[in-house]
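Written below as C-alpha cells is the structure these notes are about.
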Amino acid sequence: MKIIQSFWTKPTYHNSDDANARFNGGWPNQKYAFYSFALSALTINRFYNQNELHTDDRGKELFNNLLELPYSDIHTNLEKINNYHPKLWAFGKLVSCADQNEPFMHLDNDIFIWNKIPYDINQYDIIAQNIEVNFPGYAKTFKYMLTNFDSVPNELIKNYYKNGKILAHNAGCIGGKNNDFFKELYKTAQDLIENNQHHFPNIDVGIFNTIFEQQLGFAIAEKNNLKVQYLFENIEPNFAEIIDLSTVPLFSKFIHCIGFAKKSIFACEQIEARLQYHFPEYFKNINTKLHRLFPDQGFDIKIEPSRLQNIFNFYDFVENITVEKLLNTKFVIQKDCIIDFNAEPVTIQFTIPYNRKVDKKDLVGWHSILLYFLEPVSVQELYDELSQDEDFIKRFGENITNFKTKMLSFVLEKTLLLEILQPEPIKVLQSI
C-alpha cells in the first residue's frame with residue numbers, strides 16, 4: 001500500500017495568532033516545521049517504498065529542492081485550491097485523498113513511525129487514527145453552524161441527533177481502499193465551505209477544519225455503513241498515548257505531534273534530536289543549508305553538547321533493551337535534585353536540561369511516586385509493593401493492570417525530558 005502526505009503552503013505562510021491556525025505548520029518557528037517534515041518523511045521511508053507528496057508549486061520547491069526529501073513522486077495538484085481561505089488548512093488533505101484511485105494511507109507530516117501501520121485491507125473499508133467522542137473544541141463552532149449557517153450537510157445533522165453526541169475520527173492517519181468515500185467527503189466539504197464562507201469572521205475557522213474533515217468524515221462513513229479500523233482505541237482528549245516520545249521504540253511506534261503538542265519545547269527538542277540521531281548525515285547537510293538560507297530561524301542555536309549526548313545515550317539505552325529487562329532496571333533520583341521535606345506539600349527542585357533554569361514541582365499525584373526513587377528501585381519492585389497497598393488499589397482501581405506500562409512511561413519521561421531520574425547501575429545519563 002502506498003503512503004501519501006500533503007502540504008498546502010498557503011496556510012503555513014499565512015501569519016496568524018489564531019491558536020488553531022497552521023502558521024509554520026503549528027510549530028513555534030519554521031526551524032521545527034522543517035525538522036518535522038524531514039523526520040516524518042524519512043521515518044516513513046524506512047518502512048514504505050512508495051511515499052508520495054501532494055503539494056503546490058511552492059511546496060515542491062521546498063520539499064524537493066530545499067529539504068531534498070526522497071519522495072517517490074511529488075504532485076502539484078494543490079495549486080488549484082490557492083483561491084481558498086488560508087485558514088482552511090485541512091482542505092488540501094481532502095483534495096489529496098480525493099485524487100486517489102487505489103488503496104492508500106495519508107499520514108500528516110507531524111507523524112513519525114517506527115513500524116508499519118497494520119491496516120487490515122480485507123476487513124475494513126477505511127482506517128483512521130482514533131475515534132473522538134465529544135472532544136473539546138467542536139461543540140461551540142458546531143452549535144453556531146446549526147443555528148446560523150446557510151446550509152449544513154444532512155449527514156452531520158442526522159449523525160449528531162442520532163448519537164446524541166459529537167463523533168469524529170482523527171484523520172492524522174486516514175486512508176483505506178474505499179476511494180469513493182474520500183471523493184464524497186471532499187465534494188460535501190467543498191459545498192459546505194463555499195456556501196458559508198461569509199460566516200468565517202464569526203467562527204473559529206481552525207475548529208471548523210476539524211468539523212468538515214473529521215466530524216463530517218465520521219458521519220459520511222456511518223451513513224454508508226463503512227467498516228472503519230481505528231489504529232488506536234480509547235485515546236484520551238490530551239492524546240497522551242500518541243505523543244509519548246520517551247517510550248520510542250519500546251511502546252510508542254507511532255508518534256503524532258498533534259496541535260498543542262507542537263508548542264512544547266520538549267517536543268521541539270526531541271524532534272531535532274531524533275532527526276540528528278537517526279539521520280545524522282541528512283541532518284548535517286540540511287542544517288548547513290537552512291542556516292544559510294534562514295539565518296533568523298535559529299538554525300545556529302543548537303542543543304547543548306552535554307544535553308545532546310545525554311539524549312543520545314538515552315536513545316541507545318532504550319533501543320537496546322527489552323521491556324522485561326527495563327522493568328527490572330533500577331532507577332534513582334539524580335544527586336543534584338533537592339527534595340524539600342519541610343514544604344507542604346513536599347517539593348523537588350531540579351534543573352531543566354534544555355535551558356538550565358531551576359524549576360520546582362510539588363510531589364503530589366503521579367509526581368509523589370518520585371519519592372520511591374530516593375533509593376534505587378525498579379518498576380517491577382515498585383509494582384509488587386504498591387499492588388499490595390489497599391489505598392493504592394482503591395486509587396487506581398481497574399487501571400492497576402496498566403500501572404506497569406504507565407510507570408515505565410513516567411520513569412522514561414523523567415529520565416529523558418527532565419533528567420530527574422537515572423538508571424542504575426548504568427551511569428550514562430549523568431550530566432557532564
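The values are calculated or read from the model by the stated rules, or taken from the named source; none is laboratory data. All figures in this text were calculated on a predicted structure; none of them were measured in a lab. No Cβ is skipped: glycine too gets one built from the backbone with ideal geometry, and neighbour counts run over all protein chains shown.
Show the residue pairs that are 6+ apart or on different chains and have beta-carbon atoms under 7 Å apart, the first residue being within segment 239-256 and at pLDDT 90 or above, the second being crowded, with 19+ Cβ neighbours inside 10 Å and of a type in the set (D, E, K, R).
Listed by first residue and then by second, the contacts come to 256/108; 256/110.
Restricting to segment 144-164, give me the number of residues that are among the hydroxyl-bearing types (Ser, Thr, Tyr) and either within 28 Å of the chain's Cα centre (by Cα) or not assigned by TED's automatic domain parsing to the domain that holds residue 185 (or both).
1
Quick check: is even one residue across segment 290-301 within 29 Å of residue 420 (Cβ to Cβ) and either touching a residue at least 24 places away in the same chain (Cβ under 8 Å) or not in a helix (DSSP H, G or I) (or both)?
So far as segment 290-301 goes, yes, one or more of its residues are within 29 Å of residue 420 (Cβ to Cβ) and either touching a residue at least 24 places away in the same chain (Cβ under 8 Å) or not in a helix (DSSP H, G or I) (or both).
Where in segment 165-264 are there strands (runs of 3 or more DSSP E), lying wholly inside it, with at least 1 residues that are crowded, with 22+ Cβ neighbours inside 10 Å and not assigned by TED's automatic domain parsing to the domain that holds residue 81?
Those strands (runs of 3 or more DSSP E) span 254-256.
Given the condition in a helix (DSSP H, G or I), out of contact with any strand residue (DSSP E or B) (no Cβ under 8 Å at 6 or more places or on another chain), modelled with pLDDT of 95 or more and crowded, with 22+ Cβ neighbours inside 10 Å, answer yes or no: does some residue in segment 66-78 qualify?
no
Could you tell me whether any residue of segment 213-229 is among the β-branched types (Val, Ile, Thr), closer than 22 Å to residue 137 by Cα and within 24 Å of the chain's Cα centre (by Cα)?
No, segment 213-229 contains no residue that is among the β-branched types (Val, Ile, Thr), closer than 22 Å to residue 137 by Cα and within 24 Å of the chain's Cα centre (by Cα).
When you scan segment 237-259, how many residues do you find that are touching a strand residue (DSSP E or B) at 6+ places or on another chain (Cβ under 6 Å) and among the acidic types (Asp, Glu)?
0
Mind listing just one residue for me: the one in segment 19-56 that is of a type in the set (D, E, K, R), over 22 Å from residue 280 (Cβ atoms) and modelled with pLDDT of 95 or more and, of those, farthest from the chain's Cα centre (by Cα)?
Within segment 19-56, the match that is farthest from the chain's Cα centre (by Cα) is 56.
Determine, yes or no, whether residue 157 is outside any helix (DSSP H, G or I) and surrounded by fewer than 20 Cβ atoms within 10 Å (Cβ to Cβ).
Judged against the criteria, residue 157 is not a match.
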